[in-house]
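Inspection log for the structure reproduced underneath, given as structure tokens.
The values are calculated or read from the model by the stated rules, or taken from the named source; none is laboratory data. Just so it is clear, the structure is predicted and the values come from calculations on it, not from any experiment. Positions of Cβ are backbone-derived with ideal geometry, glycine not excepted, and every protein chain shown enters the neighbour counts. Surface accessibility is based on the protein's heavy atoms, side chains included, excluding ligands, DNA and RNA. Shrake-Rupley method; radii C 1.70, N 1.55, O 1.52, S 1.80 Å.
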Amino acid sequence: MNSDKNLHIAVIGSGGAAMAAALKAAERGARITLIERGIIGGTCVNTGCVPSKIMSRAAHIAHLRTESPFDGGVSAQVPKVDRANLLQQQQTRVEELRDAKYEGILRDQTAITVLNGEARFVDANNLVVQLNEGGEQNVHFDRAFIGTGARPAEPSIPGLAETPYLTSTSALALITVPERLIVIGAGFVALELAQAFARLDSKVTVLARSHLLSGEEPAVGEAIEAAFRREGIEVLKQTQASRVDYTDNEFVIETNAGTLRTDQLLVATGRIPNTENLNLAGIGVETSRGAIQVDGQLQTTVPGVYAAGDCTDQPQFVYVAAAGGSRAAVNMTGGEATLDLSAMPGVMFTDPQVATVGLTEAEALKQGYNVDTRLLDLENVPRALVNFNTHGFIKMVAERDSGRLLGVQAVAGEAGELIQTAVIALRSRMTVQDIGDELFPYLTMVEGLKLCAQTFTKDVKQLSCCAG
């Protein structure tokens, strides 16, 4: 514990990374000046994880009311979607969470002073803040933490900038559901929103530069593409826009697959760090395409200046940001902490969900491992059978000689829930034999991990339904 009560830390931002850094530093005895130019809370609670998951859940309910595997015995009907009411419900919950988890906590923290304005480094110990209410304020600090996050990127497609296209932020705030929607992008954000709008009754087309989820295990993208096609979502692979125009309330998109027309265009091709106004180059903080470079202790190339979250070169997940922020705070206040991302889960909240941890087969081979893999279709998982929904799989990657688990990729209705068990197994250096021998509750999706592990040594089709 740091005993220097006079240590002053400037924290720029108020999202997952910045809040974690500020609270941990305060807990360790530092004084903090937190600087936020916009709304307290950052991307996750305001315009990212929280509203998008509310929207996708509402869309999931709408989909189930339209059709389910039990329509032969339970009547289905097309629901009436009142987008304005859904949006109000979504934003009310966003505001509740922002107040409970951000604004309220800051109000109660006597060690944290909040400045509303935009920060710019003068040197390695001083900031100037352009206050939102007018004027400037200088802030002298002993340490600084940068947690300024990222924003949707605008790809350089001719004509795009002159059109009223949607980003993930503005799409989540749409008060009406467009009749036709084209989505440019094939990553987590693009696909979550594409399916949500389709289930709320948009006719959706996805344009993928290569294929869906090109950074993942190939079977994952194939499974999600199949799911989208089952729902009537059009997927155009190897398709790029060469020009976008907007005339007569309609987008006209020129592509190598022909000319496409739509009512709304959502562009979700990645995010860029919010770092360009901080004068980082002026004080020697190195960036790569805007992303701040940090070391194992979350320190930048300038001693005493730390960073974490989406403004850095770390994976863009809010739990990575928060973990990085809290560890940076420990290091800023005289402790020692590192951020180990070797067992980092990733989840995409489509239906089915995609969840991953550790190495894919290709990554393991590239790292020189001698690997053994198994892919278990969900038709071999009892939970999926009783759900009458066997679309998806669980894949395990293991070290051939030792059997040690190296990675898991899952596509399943509850993949996001089962993946944490794989995280713990990976962190504990368990073997597939260990996992296969564990007790898993019957008729849970996570039991699929046990069954997949057992396929390394036996044919699970020949086991009794809850065989140990």
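Looking at Ala62, Ala58 in this structure, which one is open to solvent by less than 20 Å² (accessible area, probe 1.4 Å) and assigned to a helix (DSSP H, G or I)? Answer to the check: Ala62.
Every residue, every condition in (1) out of contact with any Pro (no Cβ under 8 Å at 6 or more places or on another chain); (2) modelled with pLDDT of 95 or more; (3) within 30 Å of Ala196 (Cβ to Cβ), yes or no:
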{"position": "Gln264", "(1), (2), (3)": "no, yes, yes"}
{"position": "Thr269", "(1), (2), (3)": "no, yes, yes"}
{"position": "Leu278", "(1), (2), (3)": "yes, yes, no"}
{"position": "Glu286", "(1), (2), (3)": "yes, yes, no"}
{"position": "Gly309", "(1), (2), (3)": "yes, yes, yes"}
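Only a single criterion out of (1) touching a Lys or Arg at 6+ places or on another chain (Cβ under 6 Å); (2) open to solvent by 10 Å² or more (accessible area, probe 1.4 Å) is not satisfied by Thr333, namely (2). Of the strands (runs of 3 or more DSSP E) that lie entirely inside the stretch 344-419, those containing 2 or more residues that are farther than 25 Å from Gly309 by Cα and either in contact with a Gly (Cβ under 8 Å, 6 or more places away or on another chain) or at pLDDT 95 or above (or both) span 371-377, 393-399, 405-412.
Would you pick out the residues in the stretch 348-396 that are in contact with a Ser or Thr (Cβ under 8 Å, 6 or more places away or on another chain), among the β-branched types (Val, Ile, Thr) and closer than 20 Å to Thr457 by Cβ? Selection gives Val381 alone. In the set Val252, Val235, only one residue is under 28 Å from Ala355 (Cβ atoms), in contact with a Lys or Arg (Cβ under 9 Å, 6 or more places away or on another chain) and either hydroxyl-bearing (Ser, Thr, Tyr) or at pLDDT 95 or above (or both); that residue is Val235. Considering the stretch 2-55, and only residues there that are on the phi > 0 side of the Ramachandran plot and open to solvent by 10 Å² or more (accessible area, probe 1.4 Å), the residue that is nearest to the chain's Cα centre (by Cα) turns out to be Gly42. Flag not set for Leu23, criterion: over 25 Å from Glu118 (Cα atoms) and part of a helix (DSSP H, G or I).
Among the candidates Asp108, Asp142, the residue that is touching a Leu at 6+ places or on another chain (Cβ under 6 Å) and either at pLDDT 95 or above or of a type outside the set (Phe, Trp, Tyr) (or both) is uniquely Asp142.
Does Ala307 satisfy being more than 30 Å from Thr239 (Cα to Cα) and of a type in the set (Gly, Ala, Ser)? Spelling it out, Ala307 is indeed more than 30 Å from Thr239 (Cα to Cα) and of a type in the set (Gly, Ala, Ser).
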